[in-house]
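**Q** Just passing along the structure, written as structure tokens.
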Amino acid sequence: MINRPRSRSWTLFILALIAVLALVLHEAGQLQPVEDLAQYIVSPVQRSIAGLVGDTGDLFTTFRDVRELRDENRRLQAENNQLVTENIHLMELEAENATLRDLLKFTRNNPNYVTLTVDVIGRDPSPYLGSIVISAGQDRGLKPGMPIITVGAALVGRVTQVSPRTAKVQLLMDVSSAVNALVQSSRATGLVKGQPDGMLVMDFIPLEEKVRPGDIVLTSGLGGELPRSLVIGTVTDVVKRDIDLFQSAALKPAVDLNRLEVVQVILNFESLTTLPSK
Amino acid sequence: MSGVFIIGRASFDILMSPSPYFTLPFLLMVAILQSAAAPRLEVSGARPDLMLLSVVSWSLLAAFRARELQYAGEPPSLLRGINDGVVWGFIGGIFLDLLSTAPFGLSALALMVAALVVGVFSVGVSSPGFMLVPLMAVTGTLVFHIVFLAGLTLTSRPVFWNAAVTGVILPSVVFNLVLIPLVYGLLSLLNRQTSRERLQW
């Protein structure tokens, strides 16, 4: 018991000496074979342990990455959905913007006209009648007979019935519709009428007048029912027979009257004729 | 079965008069759809006649209920069966007329006549088979369009009969034949649902 501290001192001294000796031998390069042998024995175990530790570490990293990726994927999907929605909305706005810009062009080019831009909110439920319902009525000063136009100063029709907040518009293609018109190039006059198939026919064109496919047809303003020079459509075919008193021309409307979304009402045009409320 | 009818007698009576709380908003919604959505679904001149199909379907359902009551020995219910469809035709037609530039009342009249024809035929037929529904859809479509066009002619509107037959009526018949199972099926479900609620009440 008395000698134990002394023996422990000796052990420490010997261990320290071995360490110093090993250091010296290592520095002198004499310990290399021993070191190589030890490395040879230890390295497979070391590699296995390192691999195991590495895999375990990767497993934790993988779990973390999967969670992060999932979160990121969710976030990106949400972002993508939002961008798709925004894109659709922007495309819609762009189309609407283009329409409104074109409508504004007409307003700028015709400062004498006071116009009101309105939405088309419905169509006639009957397939035999060509009319639309617009989102303005007496509240915005609409009256029967007012002309309705759309992009490119294209004539759409005329207001026929006005309610407090909506109005019904008889389209050019309605079979009851008749509009005084002229061919832009030859100034030949006639009457444009709606057809059951949605097309238009310009009738009562004098035989001696020259009308060709591709000619533009405008409102003539005759009769004071509509302003002059609104675009009606383009001639697609001409029917001319010597036995007839007049020739007629098939017209394609300037705009697709089945797909109207926004139109303009010319508010300060006083029609000289009153439309029957049909 | 007799027990069912004894219990159901009052309930069927209530059922056969469609509740205004259901009928009015439902038919208004159909009319709005007919005006706002149906024209965009136009194919070869034909568009879905949602109101007509609803009226025809309801007429058929009313007629079938009336037949059930007839077997239970209650002849007056036959008239109720016919009336139901006609009431729907009137209300639905008025809603359509509000949205149309057609002479006011013409859609209502045409739908009422169509419902009447469908109702009378369906109540009177001896053995209603699965072909009765499409057959009545075709009949209702033809009657509705003919009455409507006749009304336009009588009120001095220009009517192109040839174009109407080939460009609108025939395509509409095909369109309605395709759609009638859907509309009839939906209204049958609705009818069954409301009848269950009423019986529970």
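Every read-out reported here was derived from the displayed coordinates using simple, explicitly stated rules and does not represent laboratory data. Source: prediction; values computed, not measured. Using ideal geometry, Cβ is built from the backbone for each residue, glycine included, and neighbour counts are taken over all protein chains shown.
**Q** What is the local net charge at A:SER248, summed over the other residues whose Cβ is closer than 12 Å to its Cβ (Lys, Arg +1; Asp, Glu -1)? Walk me through the numbers on the way to the answer.
**A** Details: positive: A:LYS193, A:LYS240, A:ARG241; negative: A:ASP203, A:GLU209, A:ASP237, A:ASP244.
Net charge in that neighbourhood comes out at -1.
**Q** Using a 7 Å offset from the Cα along the Cα-to-Cβ direction at both A:VAL20 and B:VAL138, what is the distance between the two label points in nm, to one decimal?
**A** That separation, rounded to one decimal, is 11.8 nm.
**Q** Right, here's the next one. If one computes P(r) from the Cα atoms of segment A:193-278, what percent of pairs lie at distances over 21 Å? List each step's numbers first, then the result.
**A** Details: 1506 of 3655 pairs.
Everything past 21 Å amounts to 41 percent.
**Q** Here is a follow-up. Only four residue types carry charge here, +1 at the Cβ of Lys and Arg and -1 at the Cβ of Asp and Glu. Report the dipole size of segment A:188-228 about the Cα centre in Debye, rounded to the nearest 20. Please list the in-between numbers first.
**A** Details: 4 positive and 6 negative charges, 21 e Å.
Computed charge dipole of segment A:188-228: roughly 100 debye.
**Q** When you look at the Cβ of every residue in B:41-51, what mean number of other chain Cβ atoms sits within 10 Å?
**A** Mean partner-chain Cβ count within 10 Å for B:41-51: 2.
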